[in-house]
Amino acid sequence: MTSENITKTAADVTTAEHTRNGRHYRPNVDILEKDDELLLLADVPGAKSDSIDVRFEDGELEIRAAVPPRWENQQRHLLREYGVGNYYRTFQISETIDAAKISAEYADGVLTLHLPKAEAVKPRKIQVNVK
Amino acid sequence: MIAQYRSLRSPYDLLRGEMDRLLTGFLGPAADGLLPPLVGNQPAVNCWETEDAVMVETEVPGLKKEQLELSVSGGELTMKIDRPDAAQEGIVYHRRERPVGAFSRVLPLPCEVDGSRVEAELHDGVLTITLPKAERAKPRKIEVT
């Protein structure tokens, strides 16, 4: 399996991304390949577990997390190096993933997705019956 | 943009930040006027001032409190963070964007703070540090009689 058929960054995909209202941030991710699964770790600091939405449809994995503002705009910042807002990112996942068994957990601002590989379709021998 | 903040950075850092911003502006639209973090794997910091305290916030997803060391002395806040590299042998990475490694960052504080009452909270990967201002650094209302 090569990385090409597993993932595409949101920027590569011309989906509904640009029609979404408001600003959203692209979470940093690690994607690891193990023997039996792909493991996706996404940094979504500030999100609560019930505000995270993961969808898988037609080979596209969509991660969305709503993050409410933590401070007011009028605040006088001494340093302002990052913004706070919703997260959104999509990936193209190869069809060798068993979509029904995808599971997710969340702790300390990191979303962990387990994407189990589907059992390889076994070659089948077709018996030809002679009449 | 920078001038309107009371800066917590050295002139060198300011220059570097300005250069980064210039280049960012040249290569594409700058993201919402935020200053880029100075070093790649170093978490970005937001800092603001309330009447009673100086607030420092940083996003450190995945960090356990044992991996974090904070100290206040001499008008500076020092943050030390160590995110061990969890890479295991034989595992293929298809994406590797989440920062790892150790770093420390020193923030000069804009006023005197009460070091014994500093509080830090870590929730959902967001570290919030409250540094209460020392009594004499608080704005005082003068009664006119």
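Between amide H atoms placed 1.01 Å from N, distances below 5 Å from A:ALA107 occur with A:THR112, all of them 5 or more places distant or on a separate chain. Computed about its Cα centre, the charge dipole of region B:39-137 is approximately 400 debye, with only Lys, Arg, Asp and Glu carrying charge at their Cβ. Only the Cβ atoms of Lys and Arg (+1) and of Asp and Glu (-1) were treated as charged; on that basis the dipole of region A:37-94 about its Cα centre amounts to roughly 440 debye.
Toward the positive end of the charge dipole of region B:39-137, with +1 on the Cβ of Lys and Arg and -1 on the Cβ of Asp and Glu, the farthest Cα among B:SER71, B:TYR93, B:HIS123 is that of B:TYR93. Go through B:LYS64/B:LYS141; B:LYS65/B:LYS138; A:LYS48/B:LYS138; B:LYS65/B:LYS133; A:LYS48/A:LYS101; A:LYS34/B:LYS64 and tell me which ones have a Cα-Cα distance over 32 Å in this structure. Those over the limit are B:LYS64/B:LYS141; A:LYS48/B:LYS138.
Once both labels are positioned 7 Å from their Cα atoms along Cα-to-Cβ, the gap between A:ASP35 and A:GLN92 label points is 3.0 nm.
With a Förster radius of 51 Å applied to the beta-carbon distance between B:GLU89 and B:GLU112, the computed FRET efficiency rounds to 0.55.
Phi-derived couplings, Karplus 6.51 cos²θ - 1.76 cosθ + 1.60 at θ = phi - 60°, listed residue by residue for region B:43-60: x, 6, 10, 10, 9, 8, 10, 10, 5, 9, 8, 9, 10, 10, 10, 8, 9, 10 Hz, with x used for Gly and Pro.
For region A:54-64, backbone phi angles converted through the Karplus equation (6.51, -1.76, 1.60; θ = phi - 60°) give residue-by-residue couplings of 10, 10, 10, 8, 6, x, 10, 9, 10, 10, 9 Hz, Gly and Pro being listed as x.
Using a Förster distance of 30 angstrom, determine the FRET efficiency expected from the C-beta separation of A:GLU105 and A:GLU60, and round it to 0.05. Given R0 = 30 Å and the Cβ-Cβ separation, E is 0.90. Prolate is the label for region B:39-137, because the ratio a/c of its alpha-carbon gyration tensor axes (a ≥ b ≥ c) is 1.5 or higher and a/b is greater than b/c. With the charge dipole of region B:39-137 set up from +1 on Lys and Arg Cβ and -1 on Asp and Glu Cβ about the Cα centre, the Cα lying farthest toward the positive end among the listed residues B:ALA44, B:VAL113, B:PRO84 is that of B:PRO84. For A:VAL44, the residues whose modelled amide H falls within less than 5 Å of its own, excluding neighbours fewer than 5 places apart on the same chain, are A:VAL110, A:LEU111.
Amide H contacts of B:ALA44: B:GLU59, each under 5 Å away and 5 or more positions distant or on a separate chain (H built 1.01 Å from N in the peptide plane; Pro and chain starts excluded). Put a dot 7 Å past the Cα of A:ARG70, heading toward its Cβ, do the same for B:PHE103, and the two dots end up 1.6 nm apart.
Approximating the spin labels as points 7 Å out from Cα along Cα→Cβ, the A:ASP50-to-B:THR145 distance works out to 5.4 nm.
Coordinate-derived values only; no laboratory data. Because the structure is a prediction, the values reported are computed rather than measured. Positions of Cβ are generated from backbone atoms using ideal geometry, with glycine treated the same way; all protein chains shown enter the neighbour counts.
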